[in-house]
Every structure is written in C-alpha cells, then in structure tokens.
Amino acid sequence: MLGLRGIGIALLSLVAAIVCAQPNASRFALRGRAVDENGRPISGLQIALWDDKWKAVTEPVTSDADGRFVFNGLDERQYVMGASFHGETIFYRELPNSGDAVTTPAGPKYEGSEILFRVVPHAAIAGTVRDEFGDPVANASISLFQLGWRDGQAVFAPAEYAETDDRGQYRIHELHPGAYALCVAVEPNPNGASPFGAVAPQPGLADFQTHGEPRYYKRSCYPAKPPASFQIGPAQQVQKDFTLGSAHAFSVRGRVTNPPPETSFSVTLFRDDEVNVVEQPRSTCIKLADGSFEFEGVEPGRYRIEANAGAIRAGTAIHVEGADVGELELMLEPAGSIDVYVHDLPNGAAADVVRIGLRSTGPRPSETTWAQTGPDGALRFESVEAGTYWLQTRTNGPVCVESIRFGDREVLQGALTIATGQQARMDVATSTQCATIESKVVSQGKPAALARVLLLLSGSAESPGDTFLTTSSDDGTFSIEGLAPGRYLLWAWSQEEPGFAGPPNLAGVLSRAAVVVVTKGEHVAAVVPLLQPGGAPQ
C-alpha cells in the first residue's frame, strides 16, 4: 500500500544496511571519547569505522589515555562505529533488544563536537545440563528465544543455539539486553527411530533380558512456558542449570493415501502448543514407499503434521495425550496459484517496483511469501496453500497501491481466501498521488529519540494485517511516504528499555493509538505519544 519509506534515524542491523546520504567532496573529522559502563575512560581501545555498506572507510584508530580518539578526512555522511573489546565487537549506541547499531554523522554541523562511546560488554548465559541421576547430559540442544515484535504482536523468535559438551556444559555469549526464554532438548541420533527425544537412562540394575518401554528425555524450558520470559541486562553473566526429567512418550503413525509416483515428498511434525513462538519444524521423517510414516518418542502435546510434495500438500492437527496416535490419513491436495497484474505504473517503471506479499491470518507468527517475477516480467504466487491471507504491499519510488482486486472483491484493506488448487488473478492499481505522514514521537512533552514506530496498514488492532515499522530520529521526528488515502493508526515505544520489545498486542493499547487520516497527495502532521512498558502513554 505504500512506498513505505520510513525517514528517521539510520539503524543498521549486523546483517543489513540502510542507504544513507551520498558523500560530497568536503572532508571532516569525527571525534569521540570511549568510556566503560561506569564512565571511566578506556585507553588503547581499537575503534573502526564503516560506511552504510559495511565497508571500512579508513584505518582503525586507538584511544589515548583519556579515551579520546579522532577519525580525520571523512566525507559528509552517516557512519557505523565499532570497537574491539575483550574479543567481541561492540557498536556505538547499540540498542537493547535488537542490537541494531545507530549510525553517527560527520559533516560541518558536527565539527568540533565529541561523541561519547560507552563500551559495555555483551551479556552471556551458561550452565550445566544433568539428568535425573545427576549425570551430565552431553550433546543436548540449547535454544535461546528472544522476545521481539512481529505481525502485530510480541513473539519469541530464535536468537541463538548451542550444544552441551561432554561435561554437560554450555555457554552462549555476545547477547544484547532483552527478554528471553531458554529451552533444552536432547535430539535423537539421526539414524535412530525417535525424532523428538533421545532415550533416557532407566533407574535400577541393567537387565539385558527385559525389554521394557523406553523413557525419553523431556524438553525443558526456562521460564516453564512462554509467554513468560527472563531478563538479561547489559554485561550480565547469567547462570542457568537444567535437570532433565524423563517420561514415556508415544508414537504417531499414518500414511499419505495418494503418494505421488516417482516424486519425493516429506512428512513433518510441528509443535503447535506455543502460539507466540516463531514456528520451527521439530522433525521430518523419511516416508516409506507406500506413503506410510511413523514418529516415535513424541511427548504429549498439540502438534500439526504436514505432508509436502511441492505443489501438492496436506496437513492436520493432532493431540498426543496418554496413547499412541495411529491410522492417520493424509490426502495430498493441489496448491493454488495467483497471477498478479500491476496497472497504472509511471512510464518506464518496471512491475517489480511493487512488491505484493501474503501472510497467513492464523494465530501463529508466519513468514510472508512474496510474489516472484517470472521470465516474462510478470508477478506470480506459486504453490499457495488453501487458506486465508493478509496482503502486504511495498513499493519503490513515488508509487503507492490504491486498490487490489481479487476476482470481483476489493481486498487491499482486508484478507483474501484461496481454495484448494484455485488458479486466481489479482489486479493491483497504483498511483503517484501518494500521501505522507510527518510526525514526532513525544514523551512528557519532549521529543523521544530512537523510538520504535508502528503503522497499522490493514486489519484492526484486534486482528492486525499489514504493519510497517520505522524509527524516529534523535529529535523524535519521522516521515512515512507512499501512502494511499485512508485512515491509519500509529503507536510508538522506546527501544532503549531492555526487555520491552513493544506492547504484547495492539488490542490492549488501541486507545493509545494516534489516528491519522490522509487524502491523495496530502502531507499530514501528527504527534505520537510514547508508550510506557505498561501500555500507558508518557
């Protein structure tokens, strides 16, 4: 629905960059002073400087006895600054929660000024995993999830992964302040039959003539179950030990009733009882020639089982509780496709200046699937599973999306439903008469720097569809361009509150939203109050 160009401060994740201003012929200096978390100067610190493409722009410099340093001969532009400190790289103005690095400018406006580079070591978490008998558990999988914002809600996403050594010990380092959940599981031998948990030792004397029902290690999390979380602060060293229990587990058996001949397909089992955790497949089994499949060592709980053979798929929900699950039957059904036609583009503009995505309306966080450009330059969604989807739109250049018709229905502000095997058409109408929201985030009447800003583009606070995130500049301002006419809701919260990734959902802070109505080509000013962690505006 918009070019969605959020113009505020430049943030750089450690894997992506934001294009900044072009350099000019003038040369400037960037001065600073490096201090530790207690404000004491750090001497002998090696500091490097990169441009927005993560290319080194000059040789690293070293701080003097007072912690001062200077980069000379710089172009007027934004830079990323980082220091090598005790074996890790720490960036200037790293934000908690995301770890994004805030760029710093050089130019005539900043000549003679000095930035304060507070170098705070990253946090770490370590511990030992033991079984019920106090023995160390080697090769246990440690999954760390971090609370973040996605699809209109706060969710846990995978952050780091580790394994225990032969002493049952693990360590995860270079962590940013934030809210986390930690889970431990013992993965099976790849050649074994149990896909979910390895067989645990049994109490008592070994009896090689008795073949009792095996027990499996149970997955364990701290806190016990999301959405509970624990906080990790700056430079904090967290110790968390686990004692893994064991329990009887069960099998899940069934067959695909119409396996495709001479076509590879897989059957995958997903945990489905943690709705606010970004989905990860727990196991994939190799099916037999007749389409049958079997999972062993499955803990009690809710799961979803899926068979996938490319353009034909099947799936169902199951509940494992107190007994084996057998005689499941999955019938592969053809996926659908959508041809996307983009209309009214400016002369010379390619169709790929408009990006159209689909995201499931289900309660779980899900990935957005974007229409792909074919050899003929047309956009198309292939292998779309039957279901209901939110639309997501992004554009480049002075173009906005005014309308999307799916068959005879207008779906830009709503959702669309595609049936099994449906071959559908989508028509996208664009315009160059786009609106702009120019706003300021305020807290207690003062500008709020580096605030996270969320714009709700479709759906409602209770059921968010398309959302867009940007960041306010140091003076609290931001600009969002490329909007079609309509009514929009805006929220903002601090990114400098460790552990606060945003409100748990938008429905709970609906009354705190800033409401903005725009018409064609209009520039609208708005003030967005900063939310406190409890949900109230500041």
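Summary table
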quantity	calculated
Residue that is nearest to the chain's Cα centre (by Cα) [pool: residues in the range 298-326 that are assigned to a strand (DSSP E or B) and over 29 Å from ILE418 (Cα atoms)]	GLY301
ALA371 vs. criteria more than 22 Å from SER458 (Cα to Cα), crowded, with 18+ Cβ neighbours inside 10 Å and not assigned by TED's automatic domain parsing to the domain that holds PRO260	no
Filtered residue count, the range 160-175, keeping only those that are surrounded by 20 or more Cβ atoms within 10 Å (Cβ to Cβ) and at positive phi	1
Odd one out for ALA25 among (1) hydrophobic (A, V, I, L, M, F, W, C); (2) over 30 Å from the mean Cα position of the chain (by Cα); (3) surrounded by fewer than 19 Cβ atoms within 10 Å (Cβ to Cβ); (4) modelled with pLDDT of 90 or more	(4)
Candidates GLY348, GLY377 - the one that is modelled with pLDDT under 90 and in contact with a helix residue (DSSP H, G or I) (Cβ under 8 Å, 6 or more places away or on another chain)	GLY377
Residues (modelled with pLDDT under 85 and within 15 Å of PHE145 (Cα to Cα)) located in the range 205-246	ALA224, LYS225, PRO226, PRO227, ALA228
Strands (runs of 3 or more DSSP E) fully within the range 428-501 counting 1 or more residues that are of a type in the set (Asp, Glu) and in contact with a His (Cβ under 8 Å, 6 or more places away or on another chain)	435-443
Subset of the range 136-159 (residues that are buried (at least 18 other Cβ atoms within 10 Å of the Cβ) and not in a strand (DSSP E or B))	VAL137, ALA140, ASP151, GLY152
Matching residues, the range 101-135, being of a type in the set (D, E, K, R) and either surrounded by fewer than 19 Cβ atoms within 10 Å (Cβ to Cβ) or farther than 28 Å from VAL184 by Cβ (or both)	LYS109, GLU111, GLU114, ARG118, ARG130, GLU132, ASP135
Tally, over the range 221-254, of residues that are over 21 Å from ALA501 (Cα atoms) and in contact with a Cys (Cβ under 7 Å, 6 or more places away or on another chain)	0
Pairs with Cβ under 8 Å, 6+ apart, first in the range 105-122 and under 27 Å from GLU88 (Cα atoms), second of a type in the set (Ser, Thr, Tyr) and assigned to a strand (DSSP E or B)	PRO105/TYR79; ALA106/TYR79; ILE115/THR104
Filtered residue count, the range 131-152, keeping only those that are in contact with a Ser or Thr (Cβ under 6 Å, 6 or more places away or on another chain) and under 30 Å from ARG359 (Cβ atoms)	2
Members of the range 495-538 found to be of a type in the set (S, T, N, Q) and modelled with pLDDT of 90 or more, listed by number	ASN505, SER511, THR519
Residue that is farthest from GLN78 (Cα to Cα) [pool: residues in the range 90-110 that are in a loop (DSSP other than H, G, I, E, B) and either in the same structural domain as ALA159 (by TED's automatic domain parsing) or modelled with pLDDT under 90 (or both)]	ASN97
Matching residues in the range 316-349 - criterion: being outside the structural domain of GLU382 (by TED's automatic domain parsing) and at positive phi	GLY322, GLU327
Sole residue being outside the structural domain of LEU95 (by TED's automatic domain parsing), out of contact with any Ser or Thr (no Cβ under 8 Å at 6 or more places or on another chain), at positive phi and buried (at least 23 other Cβ atoms within 10 Å of the Cβ), chosen from GLY502, GLY459, GLY486, GLY521	GLY502
Tabulated pairs, the range 471-490, first farther than 18 Å from ARG394 by Cα and in contact (Cβ under 8 Å) with a residue 24 or more places away in the chain, second in a strand (DSSP E or B) and aromatic (Phe, Trp, Tyr), C-beta under 9 angstrom, 6+ apart or interchain	SER472/PHE478
Number of the condition not met by ALA179 [criteria: (1) surrounded by 17 or more Cβ atoms within 10 Å (Cβ to Cβ); (2) in the same structural domain as TYR79 (by TED's automatic domain parsing)]	(2)
Any chance ALA484 is within 15 Å of VAL401 (Cα to Cα) and among the hydrophobic types (A, V, I, L, M, F, W, C)	yes
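Let's see how each residue does on (1) surrounded by fewer than 18 Cβ atoms within 10 Å (Cβ to Cβ); (2) modelled with pLDDT of 95 or more; (3) of a type outside the set (S, T, N, Q); (4) touching a Leu at 6+ places or on another chain (Cβ under 9 Å):
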residue: THR393; (1), (2), (3), (4): no, no, no, yes
residue: VAL399; (1), (2), (3), (4): no, no, yes, yes
residue: ASP408; (1), (2), (3), (4): yes, no, yes, no
residue: GLY414; (1), (2), (3), (4): yes, no, yes, yes
residue: THR417; (1), (2), (3), (4): yes, yes, no, no
residue: GLN433; (1), (2), (3), (4): yes, no, no, no
residue: SER439; (1), (2), (3), (4): no, no, no, yes
residue: GLY445; (1), (2), (3), (4): yes, no, yes, no
residue: LEU450; (1), (2), (3), (4): no, no, yes, yes
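The values are calculated or read from the model by the stated rules, or taken from the named source; none is laboratory data. Because the structure is a prediction, the values reported are computed rather than measured. Quick reminder, even Gly has a Cβ in these numbers, built from the backbone with ideal geometry, and neighbours come from all protein chains shown.
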